[in-house]
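The values are calculated or read from the model by the stated rules, or taken from the named source; none is laboratory data. Computed from a predicted model, the values in this text were never measured in an experiment. So basically every Cβ, Gly included, is an ideal-geometry build from the backbone, and we count neighbours across all protein chains shown.
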Amino acid sequence: MRYAIYFTPPSGDPLSKVAANWLGRNPFSGEAVKTPVIRSFETEEIARLTVEPRRYGFHATLKAPFRLDEKFTERDLLSALMHFASSAGPVTIPRLQVAALGHFFALVPDEPLPELDQLANDVVVAFDRFRAPASDAEKARRRPETLSISQLRNLEQWGYPHAFEDFRFHMTLTGRVEEKDRLRVARILDEFFEPVLNEPVDIANLALFIETRPGAPFEVHSLHPLAMPSLTGSGTGAGRKKSA
């Protein structure tokens, strides 16, 4: 079993609904969602593009998937997560945009947010004691030969290469997209997500996701509200409209 600490909007949030429709799975219920019909885009192509992010569910990584150290139980992890959330404040992303990150596409903030980067840094450090050391096979899956020096250092120390100065908040929408297809895929993603991109997104919870067995889909175990008032003055009251 592996655990991960992610951000994902509540299940009823419009962004969650649109993302589940695109990815083809609801990580809260674990149920498949019918693949959308998009003109000039084959259903099979959408299914192929989303096969990897579908397994992980719509999310932004804060603490990458890890096996629990044998010194701890799931109850210990949950207790620490609730305590951390009660002492951390929400962050509001004014607007998301579709962006290409290397060979894949994701939703990212359209402006730098140092307070969001700091929240991610704090999560990485606070929960590392629960992480069992990465095995050689787990490290190999990160393709260390492709990583920078700082990413290799992060992989060794924190079990994940994209932390601290190498962190970028993103919510993955596709797997690898061939260069010849990227302009077309970008255009379709912009159109598909356009109805929800102009609404602010409140990072107002931490989500515990669980992979029950190797290769199984990740599912939401629980959401933990960030309870401390925002120091930036942009708390949950400024966020997106919730559906009825």
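For region 137-175, name all the residues that are touching a strand residue (DSSP E or B) at 6+ places or on another chain (Cβ under 6 Å) and at pLDDT below 95.
Within region 137-175, 159, 160 qualify.
Go over the candidates 134, 207 one by one and state the one that is buried (at least 17 other Cβ atoms within 10 Å of the Cβ), modelled with pLDDT under 95 and not hydroxyl-bearing (Ser, Thr, Tyr). Step through it out loud before you land on a result.
Details: 207 fails: modelled with pLDDT under 95.
From the options 134, 207, the qualifying one is 134.
Go through region 64-105 residue by residue and tally those that are basic (Lys, Arg) and either in a loop (DSSP other than H, G, I, E, B) or farther than 30 Å from residue 136 by Cβ (or both).
Total meeting the criteria: 2.
Yes/no matrix, rows are residues, columns are (1) within 30 Å of residue 79 (Cβ to Cβ); (2) touching a residue at least 40 places away in the same chain (Cβ under 8 Å):
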{"residue": "181", "(1), (2)": "no, no"}
{"residue": "185", "(1), (2)": "no, yes"}
{"residue": "190", "(1), (2)": "no, yes"}
{"residue": "194", "(1), (2)": "no, no"}
{"residue": "203", "(1), (2)": "yes, yes"}
{"residue": "206", "(1), (2)": "yes, yes"}
{"residue": "220", "(1), (2)": "yes, yes"}
{"residue": "225", "(1), (2)": "yes, yes"}
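Taking residue 79 as meeting all but one of (1) free of Cβ contacts under 8 Å to residues at least 24 places away in the same chain; (2) among the small types (Gly, Ala, Ser); (3) surrounded by 13 or more Cβ atoms within 10 Å (Cβ to Cβ), write down the number of the exception.
Of (1) free of Cβ contacts under 8 Å to residues at least 24 places away in the same chain; (2) among the small types (Gly, Ala, Ser); (3) surrounded by 13 or more Cβ atoms within 10 Å (Cβ to Cβ), only one is false for residue 79: (3).
What number goes with the only condition from (1) part of a loop (DSSP other than H, G, I, E, B); (2) touching a residue at least 60 places away in the same chain (Cβ under 8 Å); (3) surrounded by 12 or more Cβ atoms within 10 Å (Cβ to Cβ) that residue 161 does not pass?
For residue 161, the exception is condition (2).
Would you mind telling me which numbered condition in (1) within 23 Å of residue 170 (Cα to Cα); (2) touching a strand residue (DSSP E or B) at 6+ places or on another chain (Cβ under 6 Å); (3) in a helix (DSSP H, G or I) residue 17 fails?
It is condition (2) that residue 17 fails.
Looking at 213, 153, which is the one that is farther than 17 Å from residue 102 by Cβ and without any contact (Cβ under 8 Å) to a residue 24 or more places away in the chain?
Exactly one residue qualifies, and that residue is 153.
Okay, residues lined up against (1) under 18 Å from residue 202 (Cβ atoms); (2) without any contact (Cβ under 8 Å) to a residue 60 or more places away in the chain; (3) buried (at least 20 other Cβ atoms within 10 Å of the Cβ):
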| site | (1), (2), (3) |
| --- | --- |
| 54 | no, no, yes |
| 68 | no, no, no |
| 97 | yes, no, no |
| 110 | yes, yes, no |
| 115 | yes, no, no |
| 144 | no, yes, no |
| 148 | no, yes, no |
